[in-house]
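Below: one structure, written as structure tokens.
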Amino acid sequence: MDDGGNPFLPDSIIYQIFLSLSHEDVLTAGLVCRQWQAVSRDEFLWKELFYRYYQVARDVPRHPAAVSWYEEFQRLYDTIPCVEVQTLREHTDQVLHLSFSHSGYLFASCSKDCTVKIWNNDLAISLLHSSNMRPYNWSYTQFSQFNQDDTLLLVSGVFLGPHNSSSGEIAVISLDNFALLSRVRNKPYDVFGCWLNETNLISGNLHRIGDITSCSVLWLNNAFQDVESENVNVVKRLFKIQNLNASTIRTVMVADCSRYDSPDLLLDAGSQAAADNSPCQVFDLGSDNEEDEGWVLLPPETQPLRGRKEGLRRFLDDIMEGRARPVLSEQELESKVAEFLAQSRTKAPEASRESNDKKKYLIFTTGCLTYSPHQIGIKQILPHQMTTAGPVLGEERRSDEFFDSLDHVIDIHGHIIGMGLSPDHSGAEDRHGYVWDRHYNICLAKLRHEDVVNSVAFSPLEQELLLSASDDNTIKVWRSPRTVRIHQACRPRPRPLFFSWLRSQKS
């Protein structure tokens, strides 16, 4: 300022100078005087600083919920959990998965040490309970999920069956007394399983049809199977879906769309709807044993036999006695069937009369071209399917309804290695976890471990708290810089002991 109180430099010059500074220097310079402080809060200035610092494409607008560029910069810089505040070392092997309770007061961890641990999410996180699943012939625990009211915990793991064969199993643990309530087989083990509602969970089973074709059966199970009456059904076959080219259904999740008036999970499924008269038909031979159900694939030349088991058996007898020969080999026939079915795996979803508050969708990875999952399948779960009451294993179906069609299939055109609902974080083999902003499509933080990062989870109670799990056997706790400052400010300062003060007075 000169003697008359006028600034030496106009605002435009100060603005140009501030453009060449970092955001820290701009904030520091704003403390010099009122003029500099006013310029340091300029919206155009912080817009330029934002795009430059975060390297966001210029055509990406500011987030619709943001009030100003300054506050948006501050939000991304100061409220992202990137400060390591605690390392949990109670696991003795690789930590594979983390899951929070819906309330955020608890979280669970699964590990190659074959335990599932439940933790108290306090300011200083502490271990509440640990369950060892090795006595149940588990190899390791791989996934967990709390039910909606946080009274039960679903734990998925790898089960060692006869002759060291690997399969999967799901256990349900009560969070009141940590008692093991039930165990359900789950095949393959990377179906993982999930809760449909507070007391029912979904598991999987796999049945081979041929060399490269199989059937995935999704089951609805009651979490309290050991206390139900023998006259009440506690398991129900939910869907039976054909797998093509050695692929299987994996990573099953339930999306609850009750919060949305117009769920966008089902895209234009009508464009993928196909006619039912496919050139090859699949028949059920009528086995009563689900594990031993047999299916025979008929070539196109057997169209008159479609829908008649007697004709099917005569056709098979002719082949066995040498009176007829299939035109294609079994492997060629399966490939041909897979090619046909891959073109018509979906159907248009039926119009539901139920209100949106009951709409739930089953989402899973699948495929039709290779063994590796490269598609996301979506199937609506209707209200009458959300209970174990009603028909169960062995109910009659028409041959043309033997397999359930998918409502929609999304082709990812690549190998899917993970999937989550509304993801904004990830882990990687480069020993880091990553926090992303989906609107700006940028990485906000890198969370370092000493080995591969397997799982990252935000707290639903406090979005400035993040957990990461790694092959280095640890769970790391991350908080935002803002939260760390608040906790440090609230921490009481150490005071000298009374006797130390008295001793100083005497001296």
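The values are calculated or read from the model by the stated rules, or taken from the named source; none is laboratory data. Keep in mind that what you see is a predicted model, and the values were worked out from it rather than measured. All Cβ positions, even for glycine, are placed from backbone atoms using ideal geometry, and neighbour counts span all protein chains on display. All accessible areas refer to the heavy atoms of the entire protein, side chains included, with ligands and DNA or RNA removed. Shrake-Rupley method; radii C 1.70, N 1.55, O 1.52, S 1.80 Å.
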Quiz prompt | Rh by Kirkwood over Cα pairs, then Stokes-Einstein D for segment 67-149 at 1.567 mPa s and 4 °C, µm²/s | solution = 87
Exercise. Determine the per residue accessible area of segment 107-239 with all protein chains present and a 1.4 angstrom probe, expressed in square angstrom.
Key: 39
Quiz item: Dipole of segment 17-128 (Lys/Arg Cβ +1, Asp/Glu Cβ -1, origin at the Cα centre): which of Val116, Trp46, Thr28 lies farthest to the positive side?
Solution: Trp46
Quiz item: Got a sec? Which residues in segment 102-121 would a label at Leu160 touch, if it sits 7 Å along Cα→Cβ and we count backbone N under 16 Å?
Solution: 112-115
Quiz item: How much accessible area does Arg431 have with a 1.4 Å probe, in Å² rounded to the nearest 10?
Solution: 110
Practice problem: Determine how many Å³ per residue the convex hull of the Cα atoms of segment 40-101 encloses. | Solution: 171
Quiz item: Share of segment 102-172's accessible area from carbon and sulfur, percent, 1.4 Å?
Solution: 50
Exercise. Starting from the Cα-Cα distance between His487 and His384, subtract it from 0.36 nm times their residue separation and give me the gain in nm to one decimal.
Key: 32.2 nm
Self-check item: Cα-projected label distance for Ser103 with Leu127, points at 7 Å along beta-carbon direction, nm
Solution: 2.3
Quiz prompt | Asp411/Asp93 FRET efficiency (R0 60 Å; Cβ-Cβ; nearest 0.05) | solution = 0.95
